[in-house]
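The structure appears below as structure tokens.
The values are calculated or read from the model by the stated rules, or taken from the named source; none is laboratory data. This one's a predicted model, so the numbers in the text were calculated from it and none came from an experiment. Note that each Cβ is placed from the backbone with ideal geometry, even for glycine, and that neighbours are counted across all protein chains shown. Areas reflect the complete protein model, heavy atoms only, side chains present, ligands, DNA and RNA absent. Shrake-Rupley method; radii C 1.70, N 1.55, O 1.52, S 1.80 Å.
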Amino acid sequence: MFLLFDEAGKFLAGKVLSESESSLQVELDSGKRVKVKAANALLKFEKPAPAALVAAAQAMSQTIELELAWEFSPEDDFGFTDLARDYFASGGQNATLEQQAAALFRLHESPHYFRRAGRGRFRKAGADVIALALAAIEKKKLIAEQITQWVADLSAGTCPEPIREQIYKILFKPDKNAPEYKAVVEASRATHLAPLDLLQKAGAINSPYQFHWKRFLLENFPKGTGFPAVDAPLITESLPLAPVQAFSIDDSATTEIDDALSVQGLGTGEVVVGVHIAAPGLAVQPGDAVDKLGRARLSTVYMPGYKVTMLPDALVQSYTLQEGRDCPAVSLYVTLDEATLEVKSSVTKLERVPIAANLRHDQLDALVTAEWLENPDFEHETELKSPSIGRYQLSFLYRLAKHRKAGRELVRGKPETFNRPDYNFKLVGNGKAEPQGDEQVQISIRQRGAPLDLIVAEAMILANSTWGSWLAELGVPGIYRSQASLLPGVKVRMGTKALPHAGIGVAAYAWSTSPLRRYTDLVNQWQIIACARHGKTAALAAPFKPKDAELFSIISSFDSAYFAYNGFQGGMERFWTLKYLRQNGISEITASVFKENMVRADDLPLVLPVMGGKDLPRGARVRVRLGDIDDITLDVVGTVIERLDAPADANTSTTENADEDDDDGQVAGPIAIAVDMDEAAPANEAPIAEVAA
């Protein structure tokens, strides 16, 4: 005897080996033996063979017209044998075994007409339900046909417009149920091409620049970069006017002027240096509308030729340290011995600071040189044109900066090196508009550690370290950056405890000097303002209390956003560097080896892998022929064609400065595509990398 039975929604048939009241032992054609509950047994028969019955019934089931079967079926629950009798038989005869099995298969595969009401039992669906179901089936059929057509188009090298419109979402944040996504997956399988390669060949990417930009926006600004209408809160507190003439030092493109400096008492033996920081924290309060904007973005995003500000520009201009205005500021005054530069005391004040000048280092670096600052007899043909800012103020600040740098290097245990330049990018004719990707790019070199750079850097380190220690002294939590040591692999961390920063050489370091462009600095400014107002009781009045969960949340969010923004900035700088190579017809460069088969260009912010550099020592200078450039993956591979320096003596170490960070200008990694060819769960993202101080 044979049995047709239901096994978890599938119909199987086999030979009955044994039978009890509650179950049957059945052997399938494959030889596998299964135990079948009696309730799951549907048809018992002597012949034909199980396989023959199933095959014949499946073929017959497709001849059953569903609309007619639905008309024949009763209103109440019914069994498949009842429908088979009414549909196939006449004159009260029973349906054949094949007809009964055919009715079972047809009913089971048509849930839009017949709902299941138990093992082998069904109930007819309502007419309205059937209409909706048929419409859905027709829609699904049309979508399947559309996907098939899109697959054919993509395979033939043409990108359908709906897929072009969804390209960034398909590649990076896909809806795996969307027909556009399914078409790309199917076409990739059919053509054996990676999704990005497939879409490139199909002409889906019109602009490599827009590809990178829109990808970044999709991942970080899915609602766009615009701001809602928000008025700048007013500073209602009456602030005293500082008796100083302060000046800022920034690049010409800087609009968020956060910091300025002042010098008093030159020639008296006791000099007071002021570090004045724009004070949005006096107006903006935690939780208000402006704070929510800053909390959402966490930092200004920089890239060649453009930036996405943390706060609306109109609001920034209300608090920026603009030349010719008395600007609200949080000021740190450090009193020093003029001869020894020993720090005698420091004090923090909330005040209005007269800004006498906004100096621009890109316009003054050629004038404000080390020789001009250190040699009173040295004169340029053109002198510094600022009635309020004198040469002697800058000379003192430069002497102080060198002194403090030397002191930090003692703590670090080794000198800071500036043997690699910074690079400035200029997109000709771009202005402040969003780049289009086809602008002419100019790249200029600016050596690290230029006097004006050093003056500003040391002043900011002085402020951040002084305020960081002050917060800790008063028991007020802040957001700190720390580094346990300079050993390889020890990264900079962010936390709420005042711990040493070995890389900078200070006992505590709290970012506080850029509140218009970094949210962590705004948070720390609120805490510093509480300290300035309340002194020893500041811990009770500060917005954030010790072990405040909000601080840890801010740190986590900032780390993630800052890492993403820095990564995008690096990618865009690499994009424009590759564009520069093309625009200027550069096919060969000189470079230095810094890792096996990796070189850094001498005159461009470019790191690339090379062939032929396997046995070259670190620091070897070579000429490299460039290969093809891919503007989408930002890849370029070179070939070493000549070594330009003499091989070092075998006893000469080639590991000098080997512990320096080599991550600036690093080779762009592969584009992470979210199209999953195997429909498996995506791999976990890499952990957030630490951002250098």
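Please state the shape class of the stretch 207-322: rounded when a/c is under 1.5, otherwise prolate if a/b exceeds b/c and oblate if not, all from the C-alpha gyration tensor. Oblate, since a/c reaches 1.5 and b/c is not below a/b. With N the number of residues in the stretch 506-552, Rg(Cα) / (2.2 N^0.38 Å) evaluates to 1.16. Accessible surface calculations at 1.4 Å, restricted to protein heavy atoms, place the stretch 62-131 at 52 Å² per residue.
Using the C-alpha gyration tensor of the stretch 101-192, what are the square roots of 5 times its eigenvalues, in whole angstrom, with the largest one first?
Semi-axis lengths for the stretch 101-192 are 37, 14, 12 Å.
Helix 391-412 sits at what angle to the longest principal axis of the chain, using alpha carbons and giving 0 to 90 degrees rounded to 10? Computed tilt is about 60 degrees.
Only one residue of 505, 558, 544 has its Cα farthest out toward the positive end of the dipole of the stretch 501-659, where Lys and Arg carry +1 and Asp and Glu -1 on Cβ, and that residue is 544. The long axis of helix 127-155 is offset from the longest Cα principal axis of the chain by roughly 60 degrees.
A Förster distance of 25 Å, applied to the separation of the beta-carbon atoms of residue 540 and residue 317, puts the FRET efficiency at 0.15.
Helical content alone sets the calculated 222 nm signal of the chain at -11000 deg cm²/dmol, taking -39,500 (n - 2.57) per DSSP H segment of four or more residues and averaging over every residue. What is the sum of charges, Lys and Arg at +1 and Asp and Glu at -1, for the other residues whose Cβ falls under 12 Å from the Cβ of residue 227? Result for the neighbourhood of residue 227: +1.
Ratio of Rg to Rh for the stretch 21-160: 1.10 [Cα atoms; Kirkwood radius as inverse mean 1/r over pairs]. Short-range pairs are left out: with C-alpha atoms under 8 Å and at least six residues apart, the relative contact order of the chain is 9 percent. In the chain, carbon and sulfur make up what percent of the accessible area (probe 1.4 Å)? So the carbon and sulfur contribution to the accessible surface is 51 percent.
Three principal axis extents describe the C-alpha atoms of the stretch 468-551; from largest down they are 41, 26, 23 Å. Any idea how far the Cα center of the stretch 86-126 sits from the one of the stretch 1-56, in Å? Cα centroid to Cα centroid, the span is 19 Å.
Got the relative contact order for the stretch 293-354 handy, in percent, Cα pairs under 8 Å and 6 or more residues apart?
Values: 69 pairs, mean separation 15.0, N = 62.
Reported relative contact order: 24 percent.
Amide H contacts for residue 19 (H built 1.01 Å from N in the peptide plane; partners 5 or more residues away or on another chain; cut-off under 5 Å): 25.
Its alpha carbons considered, the stretch 203-257 gives a radius of gyration followed by a Dmax of 20.4, 64 Å. Taking every DSSP beta bridge that has both ends in the chain, the antiparallel portion is near 90%.
Taking only the C-alpha atoms, wrap a convex hull around the chain and report its volume per residue in Å³ as a whole number.
Numbers: hull volume 186.1 nm³, N = 693.
In the chain, the Cα hull volume divided by residue count equals 269 Å³.
Here is the list for the stretch 315-414: GluC sites (Glu not before Pro) lying in DSSP coil, each with at most 11 other C-beta atoms within 10 angstrom of its C-beta, are 342, 379, 381, 383.
If you place +1 on the Cβ of every Lys and Arg and -1 on the Cβ of every Asp and Glu, how big does the dipole about the Cα centre of the chain come out, in debye to the nearest 20? Walk me through the intermediate numbers first.
On the way: 73 positive and 91 negative charges, 317 e Å.
Computed about the Cα centre, the dipole is about 1520 debye.
Taking a ≥ b ≥ c as the square roots of the eigenvalues of the Cα gyration tensor, an a/c ratio of 1.5 or more together with a/b no larger than b/c marks the stretch 442-490 as oblate.
Evaluate E = 1/(1 + (r/R0)^6) for residue 292 and residue 58, where r is the Cβ-Cβ distance and R0 equals 60 Å; express this FRET efficiency to the nearest 0.05. Before the final figure, lay out each step's value.
On the way: r = 62 Å, r/R0 = 1.04.
After rounding to 0.05, the efficiency reads 0.45.
Centre-to-centre, using Cα atoms only, the stretch 410-454 and the stretch 258-337 are separated by 22 Å. Classified by the C-alpha gyration tensor, the stretch 462-604 has a prolate form. Its axis ratio a/c, with a ≥ b ≥ c, is 1.5 or above, and a/b is larger than b/c.
In angstrom, the C-alpha Rg and Dmax of the stretch 1-66 are 12.3, 38.
Of the GluC sites (Glu not before Pro) in the stretch 470-578, not one is in a loop by DSSP (not H, G, I, E or B) with at most 16 other beta carbons within 10 Å.
For the stretch 415-487, the per residue solvent-accessible surface stands at 43 Å², with DNA, RNA and ligands left out and a 1.4 Å probe. Taking the C-alpha atoms only, the angle from helix 179-191 to the longest principal axis of the chain is near 90 degrees.
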